[in-house]
Amino acid sequence: MRLQEILIEADRTMVQGPHPSTVVFADLAGFTVLTQEIGDAPAAERAAEFEALAHEVAVAKGGRLIKALGDGVMLLFGDAPSAAEAAIHLAAGASTLPPARIGLATGVIVPRDGDVFGRTVNMAARICAKARTNEVLVCEVTRAVIENAVPGAFTFAALDPVELKGFSAPVELYQTRALRPIAFGWQTTGDTPAHVSPTM
């Protein structure tokens with residue numbers, strides 16, 4: 001099926017316009033337990049460290065941090081491959097942070113007062129909630145856009161369709177990993193990306 005047909009079939013209202021955006025939601029798994037174990041102040045420091053890492057990763061790939069959400073963040077990117085790269089790098093995280101879980105959705109957004117709204121945003125948040133630790137999940141639209149833009153750069157393992165709150169039909173999700181570093185200084189080693197020095 002051609003990319004445009006996939007986009008239309010996935011949701012006509014979700015991907016209107018020539019340049020859909022990709023929204024990334026990420027949060028730290030087990031943060032409530034962590035807070036109980038190490039205390040509020042140290043846990044807040046971990047959340048701040050995660051926010052700083054997310055900002056760094058987003059800017060490096062041409063995106064931006066929209067807002068922090070306690071132990072989570074919302075990022076926005078103009079293209080899906082950059083969003084996926086950033087998400088995989090963010091999932092690798094830092095040694096001092098709990099593992100993250102991340103969801104991506106691509107489509108139309110409604111910007112307002114520095115924030116963004118819409119079904120794409122809602123879907124990314126719901127997908128994030130379905131992800132396991134150190135897992136990056138994307139919707140069908142995001143997968144199709146990435147494979148059209150950079151064929152062979154990522155792998156996509158299809159999961160069983162899931163019910164997402166607020167969406168009438170089951171949504172197809174894909175576990176995403178990178179096959180090769182594109183421009184961000186990381187490569188995959190088994191299940192988790194490992195950071196390496198960028199090559200010039």
Residue in the range 71-118 that is farthest from Thr35 (Cα to Cα), counting only those that are over 15 Å from the mean Cα position of the chain (by Cα) and among the small types (Gly, Ala, Ser): Gly118
All but one of (1) surrounded by 13 or more Cβ atoms within 10 Å (Cβ to Cβ); (2) in a loop (DSSP other than H, G, I, E, B); (3) at pLDDT 90 or above hold for Phe156; which doesn't? (2)
When both residues are 6+ apart or on different chains and their Cβ atoms are under 9 Å apart, which pairs have a first residue that lies in the range 29-50 and is farther than 21 Å from His89 by Cβ and modelled with pLDDT under 95, and a second that is surrounded by 13 or more Cβ atoms within 10 Å (Cβ to Cβ) and of a type in the set (Asp, Glu)? Thr32/Asp71; Leu34/Asp71; Thr35/Asp71; Ala43/Asp71
Show the residue pairs meeting these rules: Cβ distance below 7 Å; 6+ apart or different chains; first residue within the range 51-64 and in contact (Cβ under 8 Å) with a residue 24 or more places away in the chain; second residue in a helix (DSSP H, G or I) and of a type in the set (S, T, N, Q). Lys61/Ser82; Gly63/Ser82
Pick from the range 18-44, criterion charged (D, E, K, R) and part of a helix (DSSP H, G or I), ranking: nearest to Arg119 (Cα to Cα): Asp40
Do we find that Ala68 is surrounded by fewer than 23 Cβ atoms within 10 Å (Cβ to Cβ), more than 13 Å from the chain's Cα centre (by Cα) and either modelled with pLDDT of 90 or more or of a type outside the set (Ser, Thr, Tyr) (or both) in this structure? yes
What about Arg126, is it among the basic types (Lys, Arg), within 15 Å of the chain's Cα centre (by Cα) and modelled with pLDDT of 95 or more? yes
Which of the residues that make up the range 102-122 are without any contact (Cβ under 8 Å) to a residue 60 or more places away in the chain and of a type in the set (A, V, I, L, M, F, W, C)? Val110, Phe117
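The values are calculated or read from the model by the stated rules, or taken from the named source; none is laboratory data. Remember, predicted model here, so these are calculated numbers, not experimental data. Glycine gets a Cβ as well: all are built from the backbone with ideal geometry, and neighbour counts include every protein chain shown.
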